[in-house]
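Participant: First the structure, then my questions, so here it is.
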Amino acid sequence: MNGHFVISLDYEIHWGVFDKKTVDDYKENLTNVSKVVDRLIEMSDKYNVKLTFSTVGFLFAKDKEDLLKHIPKNQPTYKLKEFNPYPLLEHIGNNEHDDPYHYALSKIKEIRDNRNHEIGTHTFCHYYCHEDGQTVEQFDADINAAKQIAAPLGIDLKSIIFPRNMIDADKAVDQPYLEVCQKHGITSFRGKEKAYIYNIHTTKFYHSWYFFKLLRLLDSYISVTGPNTYKVEQINKNKAVNNLPSSRILRTYTPKLKFLEPLKVRRIKKAMTYAAKHNEMFHLWWHPHNFGAQTDENFNNLEAIFKTYQELNKTYGFKSETMTGLSHIIDSTKA
Ligand SMILES: [Zn+2]
């Protein structure tokens, strides 16, 4: 099995940040998401790269009536109310035309009709599996709603990105969540990076221990944790739902750290090259809204990465796949 290049995009617009920022707080980035998605598709098609858009279920609604029709009865009962997006539904507009921050049906149809890329799920309501108060039954109802709202569009959701990466692939407590995914026909998810500094998000240290945050930032520019690439057929040998762990987040262009941008891109190219040479997977991800400001600079970085992909494809047969495409390949090695 040759090496693979996977890109997943957490497509959420305001639903990914509703508990941290208002639309006005983050307006430039959110307003440009639709243009960013167009440009992502255009550039990916040019370089023959496949994207997986892991899309929040709310964005599929035609209008508010359609959205309300699909919301599950059993909604997440988070202890901290600010994580619950449902009260916000009272305040959003009626459809994509008058509220492009909370609906995206036309864009979803464009991605679908392009046919090179995948539409997966980022859960129906941007569901937080590690928050206190919610239950696995509520997660089940949420995934069911996501499947139901996508089905009439001819979209069968088969891969998942857990919001805020709240999944610990090897912990017993998270297995029921993966079983729910399996029950709904989801065949792959994006796990966390294997390196330790990426696996403390959900522990008590996360909010107070800035040291790890700093290490993760540093790791974007120089190798602290190595390439973070994976022999996916080996790690998924006995797994019902394939784990396609993250290799790296593509951090947004930062004007203040402009001088470090070449290092950031170089770090990604080196890890891709390692994956191509060793027949492993390199999985890059970010959010379209990350490209909503400094858009040209962000796309310049991406184009440099895509050019490297093209070379690695020619030299080593390194291949771009959607999450579900790669999951099929992994499953064929299990037979
Ligand atoms: Zn998200």
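The values are calculated or read from the model by the stated rules, or taken from the named source; none is laboratory data. Small disclaimer: the values here were computed from a predicted structure and weren't measured. Note that each Cβ is placed from the backbone with ideal geometry, even for glycine, and that neighbours are counted across all protein chains shown.
Participant: Looking at PHE5 and the list (1) hydrophobic (A, V, I, L, M, F, W, C); (2) in a strand (DSSP E or B); (3) modelled with pLDDT under 95, which single condition is not satisfied?
Facilitator: So the condition that PHE5 fails would be (3).
Participant: Just a yes or no: is a residue in segment 139-146 part of a loop (DSSP other than H, G, I, E, B), within 16 Å of the ligand (Cβ to nearest atom) and more than 17 Å from PHE53 (Cα to Cα)?
Facilitator: No, segment 139-146 contains no residue that is part of a loop (DSSP other than H, G, I, E, B), within 16 Å of the ligand (Cβ to nearest atom) and more than 17 Å from PHE53 (Cα to Cα).
Participant: Looking at LEU51, LEU68, which one is of a type in the set (A, V, I, L, M, F, W, C) and loosely packed, with under 14 Cβ neighbours inside 10 Å?
Facilitator: None of the others qualify; the one that does is LEU68.
Participant: Quick check on segment 59-68. Is at least one of its residues within 16 Å of the ligand (Cβ to nearest atom) and touching a helix residue (DSSP H, G or I) at 6+ places or on another chain (Cβ under 9 Å)?
Facilitator: So far as segment 59-68 goes, yes, one or more of its residues are within 16 Å of the ligand (Cβ to nearest atom) and touching a helix residue (DSSP H, G or I) at 6+ places or on another chain (Cβ under 9 Å).
Participant: Kindly list, by first and then second residue, each pair from a residue in segment 148-161 that is free of Cβ contacts under 8 Å to residues at least 40 places away in the same chain and within 12 Å of PHE53 (Cβ to Cβ) to a residue that is within 16 Å of the ligand (Cβ to nearest atom) and part of a helix (DSSP H, G or I), limited to pairs with Cβ atoms under 7 Å and residues at least 6 apart or on different chains.
Facilitator: Between residues of segment 148-161 that are free of Cβ contacts under 8 Å to residues at least 40 places away in the same chain and within 12 Å of PHE53 (Cβ to Cβ) and residues that are within 16 Å of the ligand (Cβ to nearest atom) and part of a helix (DSSP H, G or I), the close pairs are LEU157/ALA146.
Participant: Looking only at segment 71-89, count how many residues are in a helix (DSSP H, G or I) and either touching a strand residue (DSSP E or B) at 6+ places or on another chain (Cβ under 8 Å) or surrounded by 13 or more Cβ atoms within 10 Å (Cβ to Cβ) (or both).
Facilitator: Count: 3.
Participant: I've got another one for you. For segment 172-184, enumerate the residues that are within 18 Å of the chain's Cα centre (by Cα) and free of Cβ contacts under 8 Å to residues at least 60 places away in the same chain.
Facilitator: Correct list: TYR177 only.
Participant: Still on this structure: Consider segment 131-170. How many of its residues are out of contact with any Leu (no Cβ under 7 Å at 6 or more places or on another chain) and among the basic types (Lys, Arg)?
Facilitator: Residues meeting the conditions: 2.
Participant: Output the residue which, of all residues in segment 11-25 that are near the ligand (Cβ under 9 Å from one of its atoms) and assigned to a loop (DSSP other than H, G, I, E, B), is nearest to the chain's Cα centre (by Cα).
Facilitator: GLU12
Participant: Which members of segment 1-54 meet the condition of being over 22 Å from ILE305 (Cβ atoms) and either among the basic types (Lys, Arg) or without any contact (Cβ under 8 Å) to a residue 40 or more places away in the chain (or both)?
Facilitator: LYS20, LYS21, THR22, ASP24, ASP25, LYS27
Participant: Looking only at residues that are of a type in the set (A, V, I, L, M, F, W, C) and more than 16 Å from the ligand (Cβ to nearest atom) in segment 147-174, which one is farthest from SER106 (Cα to Cα)?
Facilitator: ALA172
Participant: Tally up the residues in segment 3-55 that are touching a Lys or Arg at 6+ places or on another chain (Cβ under 6 Å) and farther than 18 Å from GLU297 by Cα, please.
Facilitator: Selection size over segment 3-55: 2.
Every residue, every condition in (1) of a type in the set (Phe, Trp, Tyr); (2) surrounded by 19 or more Cβ atoms within 10 Å (Cβ to Cβ), yes or no:
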position	(1), (2)
HIS91	no, no
THR121	no, yes
GLY133	no, no
PHE139	yes, yes
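Participant: Collect the residues in segment 296-330 that are within 20 Å of the chain's Cα centre (by Cα) and assigned to a loop (DSSP other than H, G, I, E, B), keeping them in residue-number order.
Facilitator: Residue satisfying the conditions is THR322 alone.
Participant: I'd like the full set of residues that are among the aliphatic types (A, V, I, L, M) and either in contact (Cβ under 8 Å) with a residue 40 or more places away in the chain or over 25 Å from ASN29 (Cβ atoms) (or both), limited to segment 290-335.
Facilitator: Those that are among the aliphatic types (A, V, I, L, M) and either in contact (Cβ under 8 Å) with a residue 40 or more places away in the chain or over 25 Å from ASN29 (Cβ atoms) (or both): ALA293, LEU302, ILE305, LEU312, MET323, LEU326, ILE329, ILE330, ALA335.
Participant: Among the numbered criteria (1) away from the ligand (no atom under 16 Å from the Cβ); (2) part of a helix (DSSP H, G or I); (3) within 21 Å of TYR103 (Cβ to Cβ), which one does CYS181 miss?
Facilitator: Here CYS181 meets the rest and fails (3).
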